[in-house]
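Student: Submitted below is the structure of interest, expressed as structure tokens.
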Amino acid sequence: MLVLRNEQLKAFEENGKQDFVNRAKLFLLEQYPIQAKEYSQSQLEELIKNASDRSLNYGIKTEQGIMCFIVLMFEWALDFDTNLNYKWVQPVLNSKEKDEEDKIEVLFGKL
């Protein structure tokens, strides 16, 4: 029987997170080259990690959902979820009636 220690599980989790950050970074550099190149590689990685943390606060947990959240940041504003110019976003993101997919669908419908 294979037994994994907590340290090993944490290492797998960190590797998975870094893999997502790398894929998200490549996506941004390909799809939003002008905006993405305004940041250093480390700044872009931090932006992605920050977006991931923020999206979790709204119940957006999947890689696809987090990537959609990041796309909205690049389409509207990096702080679209708290920016007063997008105050209509807060009720959508904080809705207890909507699941992740519904929230993304509503937000992407406004693009």
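Student: Filter the range 73-89 down to residues that are closer than 19 Å to D53 by Cβ and not in a helix (DSSP H, G or I) and give me whichever is farthest from the chain's Cα centre (by Cα).
Tutor: That would be N83.
Student: Something else now. Looking at (1) within 23 Å of E101 (Cβ to Cβ); (2) exposed (fewer than 13 other Cβ atoms within 10 Å of the Cβ); (3) modelled with pLDDT of 95 or more, find the lone condition where F27 falls short.
Tutor: Among (1) within 23 Å of E101 (Cβ to Cβ); (2) exposed (fewer than 13 other Cβ atoms within 10 Å of the Cβ); (3) modelled with pLDDT of 95 or more, F27 violates only (2).
Student: Let me ask something additional. So which residues in the range 90-100 are more than 25 Å from L44 (Cα to Cα) and either surrounded by 13 or more Cβ atoms within 10 Å (Cβ to Cβ) or under 13 Å from the mean Cα position of the chain (by Cα) (or both)?
Tutor: V92, N94, S95, K98, D99
Student: All but one of (1) surrounded by 12 or more Cβ atoms within 10 Å (Cβ to Cβ); (2) without any contact (Cβ under 8 Å) to a residue 12 or more places away in the chain; (3) within 24 Å of N22 (Cβ to Cβ) hold for N83; which doesn't?
Tutor: N83 satisfies every listed condition except (3).
Student: Can I ask one more? Select, from K96, K110, K61, the only residue that is more than 26 Å from L29 (Cβ to Cβ) and either touching a residue at least 24 places away in the same chain (Cβ under 8 Å) or basic (K, R) (or both).
Tutor: K96
Student: Cβ-Cβ under 7 Å, sequence separation 6+ or interchain: first residue in the range 32-50 and in a helix (DSSP H, G or I), partner surrounded by 15 or more Cβ atoms within 10 Å (Cβ to Cβ) and among the β-branched types (V, I, T). Which pairs?
Tutor: E45/V21; I48/V21; I48/I70; K49/V21
The values are calculated or read from the model by the stated rules, or taken from the named source; none is laboratory data. Here the structure is a predicted model, which means the values were calculated and not measured. Heads up, the Cβs are rebuilt from the backbone with ideal geometry, glycines too, and the neighbour counts pull from every protein chain shown.
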